[in-house]
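One structure below.
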Amino acid sequence: MTSRDRDILRGLGIRVAEEAASDRMARLRTAWTRLHDLDPIRPMFLFETDTILDFVPESELECVDPAARAMERVLRHDLKHRQWIDDDKVLEPVAWVECPIRSSGFGVEIHTVTTHDSIAYLYDYPIRDVADLARLRPVTWTADRAAADRTAEEMRDVFRDILEVGIRGPAFHLPQLTGNLYRLIGMDRMYEWIYDHPEALAALCEYLADWYWGFLDWLEAEGLLFQNTTNVLVGSGSYGYASSLPACRLPAVAARSADIWGWIESQETATIDPDSFYTLFLPAMARIASRFGLVYYGCCEQLHDRFPRILSAIPRIRCVSISPWSDQRVMDDLLGGDRVFSRKMPPMFISGESPDLSGLSADVADTLRIRQSRPTEFIYRDVYDIRNELPRLTEFGQRMRALTGF
């Protein structure tokens, strides 16, 4: 790393540290914690910029060393997000180094074919009949601690009086039980096996639950289970601040799975009838969910036709994703004030050539009328193309602050 790289990172680190120490960040940490403690000050809102194409383009990066350039991208991204959107994003005075973890895999190769921009993709499903299940193997993991230590030491040397540097394992825990099932057998077989081979389908779900259960055991034993009650996303766009779980500390202290958030979802079963979902998929999902202290449930799937049984099986659900495919009024009745209503706004309102910010405002206002003062967060995700028009993000932030009583 050159002296110029170091100077660039230190300059960006100073800006992040100053922002993180501001009164506003302190208020936001309190507001997020109160929301997830079900005692909200106001509705909270976040815009996910990670998926926006070229939000931080290569032309804006100045560092040369690959590790420095990767850290520079993270810092510039956070600062640019705050500058242009001014939502409820929280900055913390920490530079995290994630320990590289390698997996032995399931014993079968899952080949992925992507487009040039990696947005569209397909798989060559390796499990083609029930007999292929015998090819699956127990999964093992290894951690490259030496690589993590080297990177962390270099970052500590750079940020020694500016940002704390911590080493962590995965920040969020998304078992993707039905997502991995889909990658192994595909949707056609998933539908067919419900009728032709339900026992095999349930057994595959249990295999995948065993896989993630073992992963959590391994992370705990290795001291790599990260306490995610901080400004990391622990579900489909939601932060982990909550007083009912231990607070994140630095240097990173090994956590138990009961001390962290987990994220459980099942988008791939959205069009499968609820009874089949309860019988074949939910038991394995609930078993994994039982490991976590708090659970964020859902992503893009509709939930109004099956949520009571989900909640009965997974009582530690604290936040629930309310996608455009879920009936908001039904879900409001089901959640009441006992769960956070994590509303996902349709990406079309701000994407592409013709944004509709008036439509966005009307959509948000409708949710606020339904929810009244009950715990609610607005998460804007899956926006890929804004035609490089950052001012529309600024207008989004202004409208959301006005609507949510910022």
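The values are calculated or read from the model by the stated rules, or taken from the named source; none is laboratory data. Just so it is clear, the model here is predicted, and its values are computed rather than measured. Here Cβ is always computed from backbone atoms with ideal geometry, including for glycine, and neighbour counts include all displayed protein chains.
General observations
- Annotation note: Cβ proximity below 9 Å between a residue of the stretch 125-138 that is closer than 14 Å to GLU199 by Cβ and a residue that is among the small types (Gly, Ala, Ser) and part of a helix (DSSP H, G or I) (sequence gap 6+ or interchain) occurs for VAL130/ALA200; LEU133/ALA200; LEU133/ALA203.
- If the condition is being aliphatic (A, V, I, L, M) and assigned to a loop (DSSP other than H, G, I, E, B), then the stretch 27-63 contributes LEU38, ILE41, ILE52, LEU53, VAL56, LEU61.
- Filtered by the rule that a residue be assigned to a helix (DSSP H, G or I) and either in contact (Cβ under 8 Å) with a residue 60 or more places away in the chain or touching a strand residue (DSSP E or B) at 6+ places or on another chain (Cβ under 6 Å) (or both), the stretch 279-310 gives THR279, LEU280, PHE281, PRO283, ALA284, MET285, ARG287, ILE288, ALA289.
- Checking ASP50, ASP23, ASP87, ASP78 one by one, the residue that is acidic (Asp, Glu) and either over 15 Å from TYR239 (Cβ atoms) or over 19 Å from the mean Cα position of the chain (by Cα) (or both) is ASP23 and no other.
- Taken over the stretch 213-243, the criterion of being in a helix (DSSP H, G or I) and within 13 Å of ALA171 (Cβ to Cβ) is satisfied by LEU219 alone.
- Here the stretch 105-125 is the region considered, the condition is being at pLDDT below 90 and assigned to a loop (DSSP other than H, G, I, E, B), and the residue that is surrounded by the fewest Cβ atoms within 10 Å (Cβ to Cβ) is HIS116.
- Filtered residues of the stretch 258-278 (kept if without any contact (Cβ under 8 Å) to a residue 60 or more places away in the chain, within 30 Å of GLU164 (Cα to Cα) and not aliphatic (A, V, I, L, M)): ASP259
- Considering the stretch 337-373, and only residues there that are crowded, with 18+ Cβ neighbours inside 10 Å and among the small types (Gly, Ala, Ser), the residue that is nearest to TYR239 (Cα to Cα) turns out to be SER342.
- Per-region count, the stretch 273-285, residues surrounded by fewer than 19 Cβ atoms within 10 Å (Cβ to Cβ) and not acidic (Asp, Glu): 5
- When SER373, SER323, SER351 are screened for being out of contact with any Ser or Thr (no Cβ under 6 Å at 6 or more places or on another chain), within 30 Å of PRO283 (Cβ to Cβ), hydroxyl-bearing (Ser, Thr, Tyr) and in contact (Cβ under 8 Å) with a residue 12 or more places away in the chain, only SER323 passes.
- Which numbered condition ARG76 fails, given (1) of a type in the set (Lys, Arg); (2) surrounded by 11 or more Cβ atoms within 10 Å (Cβ to Cβ); (3) touching a residue at least 40 places away in the same chain (Cβ under 8 Å); (4) farther than 27 Å from ASP382 by Cβ: (4)
- Flag if VAL139 is surrounded by 14 or more Cβ atoms within 10 Å (Cβ to Cβ) and either among the small types (Gly, Ala, Ser) or over 24 Å from the mean Cα position of the chain (by Cα) (or both): no
- Some residue of the stretch 167-177 being in contact with a Lys or Arg (Cβ under 9 Å, 6 or more places away or on another chain), outside any helix (DSSP H, G or I) and more than 20 Å from PHE281 (Cα to Cα): yes
- Meets criteria (over 21 Å from SER290 (Cα atoms), buried (at least 20 other Cβ atoms within 10 Å of the Cβ) and either touching a strand residue (DSSP E or B) at 6+ places or on another chain (Cβ under 9 Å) or of a type in the set (D, E, K, R) (or both)) for ARG168: yes
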